[in-house]
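Each value in this text was obtained by applying a stated rule to the coordinates, not by laboratory testing. Remember, predicted model here, so these are calculated numbers, not experimental data. Here the Cβ is made from the backbone with ideal geometry for all residues, glycine too, and neighbour counts use every protein chain on show.
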Amino acid sequence: MKVIRRLSDVNINDDTGVALGNFDGVHIGHQTLLVNLVETCRLKNLKSVVYTFSNHPRAFTSENGAPKRIMNLNKKISTLGELGIDYVILVTFDEFQMKLKAESFVRDILKNTLKMKSCIVGFNYKFGYKAQGDIHLLRTLSKDYDYELNEIDSIEIQRQTVSSTNIRSLIRDGNIQRANLFLGKKYSINGQVIEGKKVGRKMGVPTANIKLEKNMLTPSPGVYLTKVNIDGRLYDSITNVGYNPTFSQEEINIETHIMDFREDIYGKNIEVHFIDRIREEKKFPSVTELTIQLKKDIALAKNFFEKRQFTIW
Ligand SMILES: Cc1cc2nc3c(=O)[nH]c(=O)nc-3n(C[C@H](O)[C@H](O)[C@H](O)COP(=O)(O)O)c2cc1C
Ligand SMILES: Nc1ncnc2c1ncn2[C@@H]1O[C@H](COP(=O)(O)OP(=O)(O)OP(=O)(O)O)[C@@H](O)[C@H]1O
């Protein structure tokens, strides 16, 4: 898969099928649309293209700014690659993109630059200046600009539409099981292992503290059952998200205790996959009482992992 970061660098010789959207999280709705894109392109001999942005358009268009990301950019790109996409156009959403009228976007970018023959969008997709473009406009313009429009109906789970917005609030509420259902895989956080307060090991519960990337969403504070990927191997783990109130820390911290693991992994990039939330984070009257609770959490987690097999998809 080729990633193109500037429209002036686009040099695709073949006709294309294009999917449009932000694709944060690459959830079940996105996956349905993208599988459809890849299949349509295979049948019609087109190259598959995802047109998306490196920053969230709401950074420009909304007073509240961009929402926190479910998935970092590298992970989004690698997930699109795994789905078999040929090209990702990853442009910066800026003044130019914001002011582009809906029809100019279709004519200048989709048709003249990307040679689009097939366009795939979801039922609710909006684009162009002041979000004036939608599926109806794309349908109308398809005759003038000679492309077929493939509309994806709303993908719903248990009568709720799957959307990045809904998934963000599920994660913020700690409802990881439902977020995972909507994502079609385990919600995960990637990051480098950094030094913590170094009190965990004194309590007999060493933890890998993860450096959070800017603009990333964090789950509701609490204790989670997790699987952690280190150098391509998956380990059972238990992860605390929060402010370590027993020690009154100010910044939110994500730290994972990997079961029966004693290697030095400072500086490594690891990925923590969330399975379920088991309790709130609490302030304990003493370190001894916190330690007793940690041992109970670990025993519960071990018991859980012994009984069930987990995949990250
Ligand atoms: C499974 C687990 C549960 C935890 N629960 C709490 C908690 O309820 N309250 C709290 O103050 N800290 C909690 N912590 C965080 C510990 O306070 C933290 O691991 C300790 O401060 C070590 O920090 P360090 O890695 O910076 O040395 C938890 C940590 C783990 C691994
Ligand atoms: N549940 C869904 N069913 C079908 N198509 C969807 C669904 N969710 C998103 N899409 C489509 O996938 C593409 C990318 O979606 P995009 O990331 O912009 O929307 P989203 O997931 O609804 O995000 P947000 O909640 O931020 O609006 C768009 O064409 C959109 O219409």
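Worth pointing out:
- Normalised contact order of the chain, rounded percent, pairs of Cα under 8 Å and 6 or more residues apart: 16
- For the stretch 1-68 and the stretch 115-190, distance of Cα centres in Å: 11
- Dividing the mean sequence gap of close Cα pairs (under 8 Å, 6+ apart) by how many residues the stretch 2-155 holds gives a relative contact order of 30 percent.
- Three principal axis lengths of the chain [C-alpha, angstrom, descending]: 73, 40, 39
- The stretch 146-215 - charge dipole about Cα centre, Lys and Arg +1 at Cβ, Asp and Glu -1, debye rounded to 20: 1020
- Set of aspartates and glutamates near residue 75 by C-alpha distance (under 12 Å), chain-local residues within fewer than 8 positions excluded: 24, 271
- The stretch 197-260: C-alpha gyration tensor shape, a/c 1.5 cut-off, then a/b vs b/c: oblate
- In order through the stretch 158-163: 3J(HN,Hα) via Karplus (6.51 cos²θ - 1.76 cosθ + 1.60), integer Hz, x for Gly, Pro: 6, 6, 10, 5, 7, 8
- The eigenvalues of the Cα gyration tensor, multiplied by 5 and square-rooted, give the stretch 89-187 an equivalent ellipsoid with semi-axes of 31, 16, 12 Å from largest to smallest.
- Whole-Hz couplings from phi, Karplus 6.51/-1.76/1.60, listed for the stretch 218-227; x for Gly and Pro: 10, x, 4, x, x, 10, 10, 7, 9, 10
- Calculated FRET value between residue 248 and residue 173, using beta carbons and R₀ = 22 Å, to 0.05: 0.35
- Cα gyration tensor, the stretch 174-307 - rounded (a/c under 1.5), prolate or oblate: rounded
- Over the chain: helical MRE at 222 nm, DSSP H runs n ≥ 4 each giving -39500 (n - 2.57), nearest 500: -8000 deg cm²/dmol
- Straight-distance crosslink candidates among lysines, where the alpha carbon sits under 24 Å from residue 202 and sequence neighbours closer than 8 are dropped: 211, 227, 268, 282, 283, 295, 296, 302
- Set 2/76; 2/186; 68/214 screened for pairs whose C-alpha atoms are more than 18 Å apart: 2/186
- Taking a point 7 Å out from the Cα of residue 195 in the direction of its Cβ, the residues of the stretch 235-264 whose backbone N falls within less than 19 Å of it are 249-251, 253-256, 263-264.
- Comparing mean-square fluctuations of 49, 287, 106 from a GNM of the chain with C-alpha springs under 10 Å, the top value falls on 287.
- In this structure, residue 158 and residue 136 have a Cβ-Cβ separation that, at R0 = 30 Å, corresponds to a calculated FRET efficiency of about 0.55.
- When the charge dipole of the stretch 155-247 is built from unit charges on Cβ atoms (+1 for Lys and Arg, -1 for Asp and Glu) and taken about the Cα centre, the candidate among 203, 190, 220 whose Cα reaches farthest toward its positive end is 203.
- Per residue, the Cα convex hull of the stretch 2-155 amounts to 105 Å³.
- Membrane-span-like helices in the chain, defined here as complete DSSP H runs extending at least 20 Å along the helix axis by their C-alpha atoms with mean Kyte-Doolittle hydropathy no lower than -0.5, are 28-44, 287-307; this is a sequence and geometry rule, not a statement about a membrane.
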